[in-house]
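Heads up, the thing below is written out as structure tokens.
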Number of protein chains: 2
Amino acid sequence: METTISSSQAHPNLILTAQGVTDIRAQLGNIPIFDNTLKAVQEEIDAEIALGIDTPIPLDYSGGYTHVRHKRNMIVLQKAGVLYQILEDEKYAKYVKDMLMQYEAMYKTLPLHPKTRSYARGKLFWQCLNDSNWLVYVSQAYDCVYNYLSEEERNKLETNLFKPFADHISINSPQFYQRVHNHSTWGNAAVGMIGLVMNDQELIDRALYGIKDLKLDTTKKDDDGGFLNKDGKAGFLANIEEPFSPDGYYNEGPYYQRYAMYPFLIFAEGLHNVKPELKIFEYKEGVLLKSINALLNLSDADGDFFPLNDGQKGMSYYNDALVTAVDISYHFGTQDPGLLSIATEQNKVLLDDSGLAVALGIKNGKAKPFDKKSINLSDGPNGTQGGVAILRNEDIELVFKYAAQGSSHGHYDKLSYSLYEKGEEILQDYGLARFVNIEQKGGGNYLKENKTWAKQTIAHNTVTQNETSHFNAKYEIGSQHHSVLNYFSSENENVQIASARETNAYPGSEMLRTMAIIKDKDFEKPYVLDIMKVVSNKDNQYDFPYYFLGQVLSTNFEYKVPETLKALGSKNGYQHLYLEGTAKAKNDNTKFSWLNKGKFYSLTSVTNTNDEILFTRIGANDPEFNLRREAALMLRRKNSKNTLFVSVIEAHGSYSPVSESAVNSNSSIKELKVVLDTEPYTAIQITNVNGNVKLFITANTNASKEAKHKLKINDKNYEWSGSYYFN
Amino acid sequence: METTISSSQAHPNLILTAQGVTDIRAQLGNIPIFDNTLKAVQEEIDAEIALGIDTPIPLDYSGGYTHVRHKRNMIVLQKAGVLYQILEDEKYAKYVKDMLMQYEAMYKTLPLHPKTRSYARGKLFWQCLNDSNWLVYVSQAYDCVYNYLSEEERNKLETNLFKPFADHISINSPQFYQRVHNHSTWGNAAVGMIGLVMNDQELIDRALYGIKDLKLDTTKKDDDGGFLNKDGKAGFLANIEEPFSPDGYYNEGPYYQRYAMYPFLIFAEGLHNVKPELKIFEYKEGVLLKSINALLNLSDADGDFFPLNDGQKGMSYYNDALVTAVDISYHFGTQDPGLLSIATEQNKVLLDDSGLAVALGIKNGKAKPFDKKSINLSDGPNGTQGGVAILRNEDIELVFKYAAQGSSHGHYDKLSYSLYEKGEEILQDYGLARFVNIEQKGGGNYLKENKTWAKQTIAHNTVTQNETSHFNAKYEIGSQHHSVLNYFSSENENVQIASARETNAYPGSEMLRTMAIIKDKDFEKPYVLDIMKVVSNKDNQYDFPYYFLGQVLSTNFEYKVPETLKALGSKNGYQHLYLEGTAKAKNDNTKFSWLNKGKFYSLTSVTNTNDEILFTRIGANDPEFNLRREAALMLRRKNSKNTLFVSVIEAHGSYSPVSESAVNSNSSIKELKVVLDTEPYTAIQITNVNGNVKLFITANTNASKEAKHKLKINDKNYEWSGSYYFN
């Protein structure tokens, strides 16, 4: 396996390359987005240099001074290294050298970080994860100043800083390093990148394949409740293999994919440059580049990632990791002109060969809109563990989750969904319960409400049975199962559908949910049709919440509000919901309208008078005000075995507080009716206010594109082939 | 008084003038903002013409079809008339004529509107107010097509439609027309404008001076609880006289000023054009134009009006009434180049002489920023009834209300304030409880929670004594009183201060509040210093709420949250507050930090351990979800006679969910201390985290600019002249 890298003259060769630097210098002043990025970075680093170097003795958790300072230093080092290469100004190289020498002086006698909360403590930071982040960035800085340093200086840094640093986060922290997890990916990349710069094949191999001959206890768990190393796999290649589906979906969801993306891609870029024979971008049929496309599609109209599983809202493709992803995808992929429009919005590029390619593409007018369409992304290493479907039509976007557990960051929300209009939430997924890096809120770490609320089923827009979460919220059980696609159909631009089945969340119960966005000329905007069919071997209580945002506008039912607000339950997330109102549902259709950010929304649901309607609000048993006080309307159906929930959600009209005019503020649905519900078929009739009638039939069992169907409803024959009928 | 208008050839002469039309036609194609506005209006009206004319039999409240249609028709008529004049295309004149004739045919036998809720029912609409709106717009349309119509057609319209229409809203509805109120202003303008077009001196006089020889019962009240006609004044001139202070502050506040502005200005423009001898724009020392400047200053950084009294949030200077105001102010005023920058933001102009002037000014590059500074606006017809002060420094804006009652739309909130950063609310004024024109919410009218919550003192950032509202929330009492300015100082750009005294809100108690925005180099952003000094003749309970928006971040006190949420009280607004948490305050300083929209805020308050801290949330006893579930921190001090509330509110730092970095998330105040509090002086010492100490002394009694002061605090002598000392 040994290969020989040429002499030290080859540096930089990790991310910047000698040829790339030459090309960049030749284009400078002529590539606006690159020039502007460079100028901003130069101003940023010049300001840092003026402030002087500080490498404080590590003390704090996330958000505290020493944490923030070392985190800042790694970025500053990386950028200063790049500036040295591009601008050929030795002050940047000297700055990098001086700071690295300070780190060397400190590190060689540095004990474990004094904070003890992590399962794998770092030295500069309270957790190895952050130490790994540091080394990923600092490896790049070292590569940039490699030739500036004397051999003696390099030996000193490698012997006292980089090698022991790489050993600490790997050999000395196998519970962190030797597994398949986003933490380990950072660890692998850190070890691998410094290995590439140092030309240390042992480190490179440790990065790619894990710590040699080490087997860990496969039953141990980490802080988040995930298995440390369930099946014994480890190393960068295993970390590509496991979490990505063939479609590029990352099993923890887009928020963590964004976080993991940087080490995946930056290490891959380094491997591509230094070890091209590995063909890393072709690994697993090019899954790394596919994953970028998947991730970009997992964002709303504003570029914000859908907060599936543990995801902090507001994270978006404006994050620097996505600048890396977009530029690398463009340069090492197929030069998709859609990526250039995202790069234009990001308004910065990597200061390397890939950023140059993007800057030239934009400058040459090649950018085209990145057109997000409906897409179905399989989950699981082989794409056989369910997935996530995104339905899109005009401004309406629906994210439907029928995936596997999502590793330790997964939520217990099979067949849940969230709904957006033009980047605004209509029906929300709560996301995580955490204020990332805000020290005042639990040190910036996961809050206990993440487990007691955010992960629980009732926190999501799906069915909760008997007030218990899917899989009893047990990771060991949930991680063994996944939902199964019934069908996905996006060929007809007016009817986008995803349908999936879950049989394990509640043993003895089967849930089949079919969600469609339908564009019908009788409606102002595309509407959502939601059919949830539950079959069970016993009587259950089903709770079906709608986490709407905004102000209650009208209902077609009478409701009562209590004098005092009490928690709806005592566990499984119910302890965090206040009951704000109760009602009996209407026979036939229950209607509810609300107003949010100047737009009207209406829910029409097929109900009967035994159904209860609850208004709930998040915030009970929340002693530190960690939760947002947001509302839901909940449909509760008791003592039912087999049942069907059918709803339409319409977005309609608008309200402007400037003109004070309300436009199209009422639902356009006159009646929603189940006209057939059998094992193989469910048929829904939708009548609009003008009396126009549409029929939607979904195939519950034999739903392939090729299947032929023949069916009689109310004495009329319907014959079609494919998964559904709509007319 | 009779004057003779020239022959019919003089039309248009009301808003458009014959000369103006000539000038506009000459410039068309050469004045971008005018051309674009014209094009948009033409597209809008062409689309309406294509839809055909509909003048339905009146049936609905606001938001219902017939209401919306007639409201739309008045706008369409006005615009079509203008298009006819500017474009000389007869299709627009014919359209106006045809619709007017349909109205004529309907109106002559039209009974009162079937909805009975108004104190003054209209015919086209449920209230005379809307009928008046209609006539104000339609008079303009009539003027534009006057010469297009035959004399016979004009006679028909005037006899069967306009004259009886004007009579209905005036002679037949004196309770609406014959008073000083924004409703009446619309009525006056409507009668006057049709009078100007018809050259009917009797109508013009009725508009200017009220219904001749009519005296109303001065003790009667309207739907909102305001007196119908307390002092017998009426007519347009009285309506200018009474509600505007010499500084141009409108007594009901900016939201209603915006609403009232249009009839004031458009009728004034008509009077200026047809009756220049009245010199209407010079009336009361030019108060109409001054009021526009006041109104623009009563908006935040985004142009949204501060929601003083009854105000719906989101109303802004983008409203069409402000296009009118800005254009008229520019044209008939001093051609302030700052107005051109607002017109540029509005991105439209009036299609008349004033809009032409603005368009030419913008085209000729005359626009300059409209620089909003600290400003003190007196209230009351003579400027002697308190006022509203707006303090501004960098991005921080504070609105301090020490005004009179504000007519029937006034809230009971003496010495209250709200605080903004860059157009975002830091500490909010709730505004009104109403969804204007949203039929589903109480027909779009005032909700009962406006009286039970929004108007009550506890809904505002001021002191509530013994859980009762100022003046016991009695309009008869409140409208007799006003607060009194102690001093206003904005000369020192680093220290902006307003100080005012209220002695009537709670008989036996005197409140003196001094609010400052201070820019100090030791702080990242300007901070607010708030000193509320209460002197009473008996023991009271004082509640001092802070209506913060966003998420609780940290406190320096321990608090408990209750298991169930109960209302904090049973009346005076307290019935709408849930108690969400309780604590004992700290000795010396109580601190509270929160996060909103990516920015950090901290409150530091001088407290003692007898003080209680309450977390409250709006929403109790709200059976139709009319109220927003927003929070407050409330400081409660019991069994106190004379007391002092001293707080600092800091805006600091930022949080980005994209970079996940928290910057400057902690308060910079180490200690806030009262070092002296006597009848004449209160002195506050502010120590920042670096130990730098500042002293602020405010003069409580002898606070003139010229006053000389000599004072010993802790053995140190302070000597200064003016209202305050800061160093």
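The values are calculated or read from the model by the stated rules, or taken from the named source; none is laboratory data. Just so we're clear, the structure is a prediction, and the values are computed from it rather than from any experiment. Here Cβ is always computed from backbone atoms with ideal geometry, including for glycine, and neighbour counts include all displayed protein chains. Just so you know, the surface numbers come from the protein's heavy atoms only, side chains and all, with ligands and any DNA or RNA stripped out. Shrake-Rupley method; radii C 1.70, N 1.55, O 1.52, S 1.80 Å.
Name the single residue, out of those in region B:419-452 being touching a helix residue (DSSP H, G or I) at 6+ places or on another chain (Cβ under 8 Å) and assigned to a loop (DSSP other than H, G, I, E, B), that is nearest to B:His70 (Cα to Cα).
Ranking the qualifying residues of region B:419-452, first place goes to B:Asn437.
Tell me, which strands (runs of 3 or more DSSP E) lie completely within region B:514-617 with 1 or more residues that are within 14 Å of another protein chain (Cβ to nearest Cβ), open to solvent by 10 Å² or more (accessible area, probe 1.4 Å) and modelled with pLDDT of 95 or more? Talk me through it step by step, then tell me what you get.
Numbers: elements: B:527-536, B:540-546, B:551-555, B:577-584, B:588-596, B:599-607.
Correct list: B:551-555, B:577-584, B:588-596, B:599-607.
Looking only at residues that are modelled with pLDDT under 95 and among the hydroxyl-bearing types (Ser, Thr, Tyr) in region B:212-249, which one is farthest from B:Ser184 (Cα to Cα)?
So, considering only residues that are modelled with pLDDT under 95 and among the hydroxyl-bearing types (Ser, Thr, Tyr), the one farthest from B:Ser184 (Cα to Cα) is B:Thr219.
Looking at region B:633-655, is at least one residue within 14 Å of chain A (Cβ to nearest Cβ), open to solvent by 10 Å² or more (accessible area, probe 1.4 Å) and under 24 Å from A:Asn437 (Cα atoms)? Quick ask: steps written out before the conclusion?
Of all residues in region B:633-655, those within 14 Å of chain A (Cβ to nearest Cβ) come to B:633, B:652-655.
From what's left, open to solvent by 10 Å² or more (accessible area, probe 1.4 Å): B:654-655.
Still in the running and under 24 Å from A:Asn437 (Cα atoms): B:654-655.
Looking through region B:633-655, at least one residue is within 14 Å of chain A (Cβ to nearest Cβ), open to solvent by 10 Å² or more (accessible area, probe 1.4 Å) and under 24 Å from A:Asn437 (Cα atoms).
With respect to the numbered conditions (1) buried (at least 21 other Cβ atoms within 10 Å of the Cβ); (2) over 17 Å from B:Tyr142 (Cβ atoms), which one is the sole condition not fulfilled by B:Tyr92?
The number of the failed condition is (2).
For the list (1) modelled with pLDDT of 95 or more; (2) of a type in the set (Asp, Glu); (3) open to solvent by 20 Å² or more (accessible area, probe 1.4 Å), I need the number of the one condition that A:Glu421 fails.
The failed condition is (3).
Look through A:Glu282, A:Glu277, A:Glu252 and report the one residue that is outside any loop (DSSP other than H, G, I, E, B), of a type in the set (Asp, Glu) and in contact (Cβ under 8 Å) with a residue 60 or more places away in the chain. Spell out how you get there, then give the answer.
On the way: A:Glu282 fails: in contact (Cβ under 8 Å) with a residue 60 or more places away in the chain; A:Glu252 fails: outside any loop (DSSP other than H, G, I, E, B).
Residue meeting the stated conditions: A:Glu277.
Residues being in contact (Cβ under 8 Å) with a residue 12 or more places away in the chain, open to solvent by 40 Å² or more (accessible area, probe 1.4 Å) and of a type in the set (Ser, Thr, Tyr): count how many of those fall in region A:37-67.
1
Exactly one of these conditions fails for B:Gly442: (1) open to solvent by 10 Å² or more (accessible area, probe 1.4 Å); (2) away from chain A (no Cβ under 14 Å). Give me its number.
If we test B:Gly442 against (1) open to solvent by 10 Å² or more (accessible area, probe 1.4 Å); (2) away from chain A (no Cβ under 14 Å), just (2) comes out false.
Looking only at region A:389-418, which residues are surrounded by fewer than 23 Cβ atoms within 10 Å (Cβ to Cβ) and at pLDDT below 95?
A:Ser408
Please find, within region B:680-704, the residue that is farthest from B:Val648 (Cα to Cα) out of those that are in contact (Cβ under 8 Å) with a residue 40 or more places away in the chain, open to solvent by 20 Å² or more (accessible area, probe 1.4 Å) and assigned to a loop (DSSP other than H, G, I, E, B).
B:Ser704
Where residues in region B:656-676 are without any contact (Cβ under 8 Å) to a residue 40 or more places away in the chain and more than 8 Å from chain A (Cβ to nearest Cβ), which of them is most open to solvent (accessible area, probe 1.4 Å)?
B:Lys670
Does region B:482-505 contain at least one residue that is in contact (Cβ under 8 Å) with a residue 40 or more places away in the chain, assigned to a loop (DSSP other than H, G, I, E, B), touching a His at 6+ places or on another chain (Cβ under 8 Å) and surrounded by 20 or more Cβ atoms within 10 Å (Cβ to Cβ)?
Yes, region B:482-505 has at least one match.
Only one of A:Tyr318, A:Tyr330 is free of Cβ contacts under 8 Å to residues at least 40 places away in the same chain and open to solvent by less than 20 Å² (accessible area, probe 1.4 Å). Can you tell me which? Before you say what the answer is, go through the steps one by one.
On the way: A:Tyr318 fails: open to solvent by less than 20 Å² (accessible area, probe 1.4 Å).
Going through A:Tyr318, A:Tyr330 in turn, the sole match is A:Tyr330.
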